[in-house]
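None of the figures in this text is laboratory data; all of them are computed from the coordinates on show. Just so we're clear, the structure is a prediction, and the values are computed from it rather than from any experiment. Here the Cβ positions follow ideal geometry from the backbone for every residue, glycine too, while neighbour counts run over all protein chains shown.
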Amino acid sequence: MSDIPTSAVPEKATCVVIGAGIVGNCVVGHLARLGWTDLVLLDKGPLPNPGGSTGHASNFIFPVDHNKEMALLGEQSANQYRDLGLSVDSGGIEVARTQERMDELQRRMTSATAWGIEAHLLSPAEVKELVPFINEEVIMGGFYCPTVSVVDSLETGTVMRKEAIEKAGLQVFANTEVLDLITDDTPRPNGRRKIVAVETDKGTIEAEHVVIACGVWSNRIAYMADTYIPLVPAVHQMADVGPMDILAETGNEIGYPIVRDMDTFCYERQSSGSMEVGSYGHRAILHHPDDIPSNEEAALSPTEMPFTPDDFDPQMETAIELMDFLGDAEIKYAINGLLSLTPDGMPCLGELPDVENLWSAAAVWVKEGPGMGQVVAEWMHYGYPRVIDAHGADVARFYDEEKSDEHIWSRADESFIKTYGIVHPAEQWGGRRHLVESPFRSRQEALGAEFFQARVWERPQWYASNADLVERYGLEERPVEWDNRWWSPITVGEHLNLREHCGMIDLSAFQIFELEGPGAVEFADYLAVNKIDVPVGRSVYTPWLNHEGGFHSDLTMMRMADDRVRIVTGVFDGGRDEFWVRKHMPNDGSVTFTNLTKQISTLGLWGPNAATVLGQLTDHDLSQEGSPYGSYLPVNIAGVDCHLFRISYVGDAGWEIYVPWDDATTVWDAIMEAGADHGLRITGGGVYSLSGRIEKGYRLMGAELESEYNPVEAGLARPKVKAADFIGKEAYLAARDAGAEVQCVTLIVDDNTDRNGNPRYMQGGNEPILTLDGERIVDSHGRASRVTTAGYSPSLGKNLLMGYLPNELAVPGTKLQSMYMNELYPCTVVGPGSAFDPDDSRMKA
Amino acid sequence: MKILCCVKRVPAPGAKINITADGQDVDAAHLGFTTSPHEECAVEGAVQLIEEHGGEVTVMTLGTSDAEEQLRYAVSVGAHHAVLVDAGDNTWDPQRIAAALTAAIQDVESANGSDGTAEPFDLILFGNESADSGGFQVGIRVAHALGRPIVQGIKGIEIGDDAIIARREIDGGFEVYELPRPAVLGVKEGLNLPRYPTMKGRLASKKVEIGTVGASADAGGQARLRLHRPEEALSETVILGTGPEAAAAVVDVLDELGVL
């Protein structure tokens, strides 16, 4: 086979990949490496540059990112480019003009250490040694990473495509327009349709799998199958200025490190004798995919839109300030280049929830292209990506409220300027708030709730009405602004009050599903590691594994009736978990799926006085015998039929109370009234999701629990394995036989005083855990020990960390160090158990 | 020396040209706008003459405020002053444009003069024809109305002691004209290679004050009925083969073309 398109497309293929940019080419290349054959690659444009974003990319990779998926896939991609010999390590420097940015560079150093990437902080003079044409007087310092690389993404795509042609007989069709995606819409119990064919202007191809790797056009193609990939084409302006002798004299495409002028949201990257100046500092300029010109209508290429100089002018001024020679060089080429933005800044990878075997490989930039191509190919091949846990990029994560142009445009409008921004781990969105809210909103607002948004759901983080607790418990603000941002001492007060009296927490964002039918219990057991076929009225906390034995999810399931099982999962995983159920459920009619999330509201009531408070509202025996741990009991509260589920994610005894949505406020009012004399306070999510949880060492999906770890390592394996089959069972049994190489543990930060004498409060996660010699700790799978959750324990007055350590270090009392903002803090291993109330005496009270 | 360049904002070429539904305009949504290429050379030529002989370059256009983009572009590559002749909502034909520009030039020249005596531009440069409508008229009409000599198709300009020397390409050589000042020239692409703006030039152009004059002139005798885009003549591409096996076929074609 050659790379030259033939005239007619084949009638059938195992897989059709649409889009021959870096992503589509890498998907076919990796599929071929995995042994796939009978592949077709289409693009509406010519090859090797069909006119998408790859063709005008800046082609550099800064490997340090605070986000694990982005950092590791960036590194993975950089290595794939290196392996092909299509990469040069130019080095790169992020320069700071402000103290706030200097602090951020300390944070970058921390992430660099976490991922094992060489990096150095430089003085302005040291920056000038590397970049002699920089004006060192306007900068305060720099973050230098020698392995910043410049890659040839077009050639890499060509090489990957040719590899697939040679290995797998890939057929390539350039200048081929996709006209429609054809699905089988026969109604099925799982509610999913199935892709069956791709219609093109050169014929129709029946296909088992179809991959949308169409960059900025991806959503237009998804529309053809009546589905949605939430991304918007956005402009990133760049201008090529030159020539400059000092650059030409290097004789290289790139001879000087790339400079990112972080505080002006701008970069300067040598391109032979010229300098490319790129900007993320202009207004967000967004386009609808249908407004992008065709290849023939575009003067340069469809994604190199006419330059709007007014938007770029302020960047020129700051660029000249940093490098004076830019001012006198000619602007030879300037474009409004298009790239893809999503509502949460993460790519869209994986199978589309509503169309079986239709895959998204979209919103991927050149810097992650090869790695993410591999993720998608492995997902298709193994049923789950092996190279990394990709839950943050899973296209199934989105809720319906996130799948609208209004939402994406608003998010992109707000986030574009944050591309080089300093984004706090708890930073909240300004727009598109209160998309979904609990029945209690008016009550919460009256109590001064500070709302945090979890995907589309609003959850009070703390309540201003509890400000008196700050005085009662002698609390104060944190001295360092960063630690204080998106935080209030009230949350500590709410925590201590819950431990002393009791607290009620709105958990309405829980995602609640039900399986019903003669096959419901058997199917539920197939999803879960732990036994679901338990007596009616019992519940089970259980992992869900992927086929490889890593975590897909971690949730509770309740046996509601002989033929009915309820599933309760967290708001960050609702989309993925619903998809997982639908993907695996039998289509023979033996099981039906219902999403009850907006029919059932949930309140949590915990603390030493919880039983006393609730006892005023029901005659049910609320003792440990009458309402044992894990039981799910019907009760009537204030005339409303509810269920009491004795469980705790905060470490004190109490219940999750499941209430019909429409009657939920009645129950809220009744409990608040009953608790008035017992110290009950409405309590925010800060206690539930962080301080209460971390004191008890409770694991969280997406933090401690990822597909890269298994239940044995996470400390969630039970003594016995059920007889029934379940997804991942074989791998799980093997993991149990092999034993854990690492263990999930809690650590106490012994001293949190920084070099300025200020107490620091660790947050964010992904900071490295190091030996006393400052060495990284890496297991035989290459997994580095890092903070999976960091939080302050009000009960202990200490910062706690969670993470995985090799067995020999997971021993209680082991002394280690953790890094935060590029400073090392001594810490001590607690072990796999909890730092607070390790015997669970409070839970048994 | 004072030189005036008259330029026109036109849709940027280089891609498929679509016509608006009413047939009256080019749909420039995907194209963006630029200055007619002949006029880019005119501006570059003027700037080079001023760099050599001293003086100032003024750039003028008739258009809406959108056309300030082209005026500022000219300033970013070296022009000193910019004048927008406000086109308002009128329909413009070549005669009307020429009349409006003539009036505007006379206004500027009066303002440049003193004691009631106008100070004419030593040289006025037009593009040979506009890149979009290609009427070949406006420069000639303006020169005629101002009573000044004009030569079209110019690809070389020198400033002599008393005269302006202009060169026009003909088959096998050049025609050389000497024109007394003040004079008008219609220049062609190839006069020079226009420079790109520098960042500093661009930023300076943002600060220049654009003079605006009203445009009042009667409609001429020409009217646009509609624009028509002729079918593109498609050329057939034959793939001769791939790899070394294609060599013989390539030789055959070259032989056929008589280039071997």
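Sparsely packed loop sites in segment A:457-552 (the GluC sites (Glu not before Pro) outside DSSP H, G, I, E and B with at most 14 other Cβ atoms within 10 Å) comprise A:Glu476, A:Glu477. Ordering A:Val198, A:Leu801, A:Tyr825 by Cα displacement along the dipole of chain A toward the positive end leaves A:Leu801 in first place; charges were set at the Cβ atoms of Lys, Arg (+1) and Asp, Glu (-1).
Sequence-ordered 3J(HN,Hα) estimates for segment B:251-260 from the Karplus curve with 6.51, -1.76 and 1.60 and θ = phi - 60° stand at 4, 4, 5, 4, 5, 4, 7, x, 9, 9 Hz, glycine and proline given as x.
Taking Lys and Arg as +1 and Asp and Glu as -1, the other residues whose beta-carbon sits under 12 Å from that of B:Ile157 total -1.
Less than 5 angstrom separates the built amide H of A:Cys642 from those of A:Val635, A:Asn636, A:Ile637, all sequence-distant by 5 or more or on a different chain.
Our helix-only sum for chain B, with -39,500 (n - 2.57) per DSSP H run of n ≥ 4 divided by its residues, gives a mean residue ellipticity at 222 nm of -9000 deg cm²/dmol. Packing here is the average count of other Cβ atoms within 10 Å per residue, and on that basis the peptides A:298-309, A:529-540, highest first, run A:298-309, A:529-540. Loop-resident GluC sites (Glu not before Pro) (DSSP state other than H, G, I, E or B) in segment A:680-725 with no more than 14 further Cβ atoms inside 10 Å of their Cβ are absent.
Net charge of the neighbourhood of B:Gly221, taken over other residues with C-beta under 13 Å away and scored Lys/Arg +1, Asp/Glu -1, is +1. Measuring r between the beta carbons of B:Asp22 and B:Arg181 and using R0 = 56 Å, the FRET efficiency lands at 0.80. Computed about the Cα centre, the dipole magnitude for chain B is approximately 620 debye when only Lys and Arg (+1) and Asp and Glu (-1) carry charge, each at its Cβ. Farthest toward the positive end of the dipole of chain A, out of A:Gly215, A:Tyr267, A:Leu498, is the Cα of A:Leu498, where the dipole comes from beta carbon charges about the Cα centre. 3J(HN,Hα) along segment A:743-749: 10, 7, 9, 9, 10, 9, 7 Hz, from the Karplus curve 6.51 cos²θ - 1.76 cosθ + 1.60 with θ = phi - 60°, whole Hz, x for Gly and Pro.
Net charge of the neighbourhood of A:His407, taken over other residues with C-beta under 14 Å away and scored Lys/Arg +1, Asp/Glu -1, is -2. Under 20 Å from a label point set 7 Å out along the Cα-to-Cβ vector of A:Thr98, the amide N atoms of segment A:416-448 belong to A:416-431.
Computed from point charges on the beta carbon alone (+1 for Lys and Arg, -1 for Asp and Glu), the dipole magnitude for segment B:127-252 about its Cα centre is near 900 Debye.
Ranked by how many other Cβ atoms sit within 10 Å of their own Cβ, fewest first, the residues A:Val712, A:Val17 fall in the order A:Val712, A:Val17. Per residue of peptide A:321-332, the mean number of Cβ atoms on other chains within 10 Å of the residue Cβ is 3.
Which order do peptides B:238-244, A:677-683 fall in by mean Cβ count within 10 Å, highest first?
A:677-683, B:238-244
Candidates A:Gln99, A:Gln80, A:Ala119 compared by Cα position along the dipole of segment A:1-148: farthest toward the positive end lies A:Gln80, with charges placed on Cβ.
Size of the dipole of chain A about the Cα centre, Lys and Arg at +1 and Asp and Glu at -1 on the beta carbon, nothing else charged, in debye to 20?
2080
Rounded to the nearest 500, the helix-only mean residue ellipticity at 222 nm of chain A stands at -7000 deg cm²/dmol, with each DSSP H run of n ≥ 4 adding -39,500 (n - 2.57).
On full extension, the segment bounded by A:Asp641 and A:Thr753 gains 35.2 nm, given 0.36 nm per residue less the C-alpha separation. Packing, taken as the mean count of other beta carbons within 10 Å per residue, orders the peptides A:812-821, B:82-91, A:364-373, A:428-437 from highest to lowest as A:364-373, A:812-821, B:82-91, A:428-437.
The stretch between B:Phe136 and B:Ile239 holds 32.9 nm of extra length on full extension. This uses 0.36 nm per residue minus the Cα-Cα distance.
Please check chain B for the longest run free of trypsin sites (Lys or Arg not before Pro) that are loop-located per DSSP (anything but H, G, I, E, B) and have at most 12 other Cβ atoms within 10 Å. Walk me through the numbers before you get to the answer.
On the way: sites that count: B:Arg224, B:Arg226.
By the stated rule (loop sites, at most 12 other Cβ atoms within 10 Å), B:1-223.
Per-residue shielding of B:22-30, expressed as the average number of other chain Cβ atoms within 10 Å of the residue Cβ, stands at 2. Peptide A:292-298 shows a mean partner chain C-beta count of 4 within 10 Å per residue C-beta.
Ranking of A:Ser691, A:Ser274 by neighbouring Cβ atoms within 10 Å, starting from the fewest: A:Ser274, A:Ser691. Loop-located GluC sites (Glu not before Pro) in segment A:164-264 (DSSP state other than H, G, I, E, B) with a sparse environment of at most 16 neighbouring Cβ atoms within 10 Å: A:Glu177, A:Glu249, A:Glu253. Each of A:Ser601, A:Ser590 was scored by other Cβ atoms within 10 Å of its Cβ. Arranged with the fewest first, they read A:Ser590, A:Ser601.
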